[in-house]
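Please read the structure below before turning to the comments.
Read-outs throughout are calculated quantities, based only on the coordinates presented, and are distinct from any laboratory measurement. Bear in mind the structure is a predicted one, so any value in this text is a computation, not a measurement. Cβ coordinates were reconstructed from backbone atoms using ideal geometry, including for glycine residues, and neighbour counts include every protein chain displayed.
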Amino acid sequence: GENVEQHPSTLSVQEGDSAVIKCTYSDSASNYFPWYKQELGKGPQLIIDIRSNVGEKKDQRIAVTLNKTAKHFSLHITETQPEDSAVYFCAASIIDGGTSYGKLTFGQGTILTVHP
Amino acid sequence: GAGVSQSPSNKVTEKGKDVELRCDPISGHTALYWYRQSLGQGLEFLIYFQGNSAPDKSGLPSDRFSAERTGGSVSTLTIQRTQQEDSAVYLCASGGYRLYEQYFGPGTRLTVT
């Protein structure tokens, strides 16, 4: 089955700096890669996702890049703010078409701390 | 609009007892997923429901775990004869038109003593 490795496990940055979290996956058939943010006591929140037919996607201060050949994808957060502090999870899934489902295999999570 | 809701938020039970955990998906969402989050195992898929299709139960860890979804909406996850290793946060997620886009509830923290 799919295996997703996520690094680093903890990341500490100063407010305004950039943060990068990296994930690798094992199953070349995986084609959907979401990122989730989880705050203490809450469920994971979908923040951005990418499908394998694109190499990069941006949404304001966050971006995700995908390298299918190397089987890795990364989350980039620019101009970090204290409210970005949370646990971030990457995940991978295989979806067959525009509306089909895919059970997610998650990375181990990264604790991001942004210091004011 | 309202998100995914789960109840109870916390549950403490004695080893050997049965527990039921409830999930109310986002209105109109036809896909429903259960995951388990624990320190040792991270986030693990348990089961998936979509419409009237047979559920994907491939992630259930043992036959003590079962789930049902009544009327295509509310789902209940049942754990029989609970063990200490069942202690975890049980998360429910639902998906709408894009079934794979999963929106999570706050979870139920289960503690087995």
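To the nearest whole number, what is the average tally of beta carbon atoms from other chains within 10 Å of the beta carbons of peptide A:38-50? Before the final figure, lay out each step's value.
Details: counts 5, 0, 0, 5, 4, 14, 10, 3, 5, 0, 0, 4, 0.
For this peptide, the per-residue mean of nearby foreign Cβ atoms is 4.
Return the long-range amide H neighbours of B:T30 (sequence gap of 5 or more, or a different chain), with a cut-off of under 5 Å between placed amide H atoms.
Long-range HN contacts for B:T30: B:G95.
Along the charge dipole of the protein assembly as shown, pointing to its positive end and built from +1/-1 on Cβ of Lys, Arg, Asp and Glu, which listed residue (A:A63, A:T110, B:Y90) has its Cα farthest out?
B:Y90
Looking only at other chains, what is the average number of their beta-carbon atoms within 10 angstrom of each beta-carbon in A:101-110?
Working: counts 14, 7, 12, 8, 4, 6, 2, 3, 3, 0.
Counting Cβ atoms of other protein chains within 10 Å of each residue's Cβ and averaging gives 6.
At most 15 other Cβ atoms within 10 Å and a DSSP loop assignment: could you name the GluC sites (Glu not before Pro) in segment B:17-69 that fit? List each step's numbers first, then the result.
Values: sites: B:E20, B:E44, B:E68; in loops: none.
Nothing satisfies the criteria.
Using the basic label-point model (7 angstrom from Cα toward the beta carbon), what is the A:A70 to B:Q84 distance in nanometres?
Spacing of the two 7 Å Cα→Cβ label points: 4.4 nm.
Please give the charge dipole size of chain B, origin at the Cα centre, charges +1 on K and R Cβ atoms and -1 on D and E Cβ atoms. Round to the nearest 20 debye.
Values: 11 positive and 11 negative charges, 22 e Å.
With Lys and Arg at +1 and Asp and Glu at -1, about 100 debye.
On a C-alpha basis, how far is the centre of segment B:1-35 from the centre of segment B:71-113 in Å? Whole number, if you could?
5
Counting other beta carbons within 10 Å of each residue's own, what order do B:T82, B:T113 fall into, fewest first? Could the numbers behind the result be given before it?
Working: B:T82 21, B:T113 10.
Sorted ascending by nearby Cβ count, the order is B:T113, B:T82.
Between A:Q81, A:Q60, A:Q38, where does the largest GNM mean-square fluctuation fall for chain A, given springs only between Cα atoms within less than 10 Å?
Sorting by GNM fluctuation, first place goes to A:Q60.
Once the Cβ-Cβ distance between B:D63 and A:T10 is put in as r, and R0 is 35 Å, what FRET efficiency do you end up with, to the nearest 0.05?
Working: r = 37 Å, r/R0 = 1.07.
Efficiency at R0 = 35 Å is approximately 0.40.
What does the charge dipole of segment B:1-42 about its Cα centre add up to, to the nearest 20 debye, if the Cβ of each Lys and Arg holds +1 and the Cβ of each Asp and Glu holds -1? Please report the intermediate quantities before stating the final value.
Values: 5 positive and 4 negative charges, 25 e Å.
In total the dipole reaches around 120 debye.
Say each of A:E79 and A:V54 gets a label point 7 Å from the Cα, pointing the same way as Cα to Cβ; how far apart are those two points in nm?
Roughly 2.0 nm, to one decimal.
Work out which trypsin sites (Lys or Arg not before Pro) in chain A are exposed loop sites (DSSP not H, G, I, E or B, at most 16 other Cβ within 10 Å) and give the longest gap free of them.
Details: sites that count: A:K42, A:R61, A:K68, A:K71.
Here the longest segment lacking exposed loop sites spans A:72-116.
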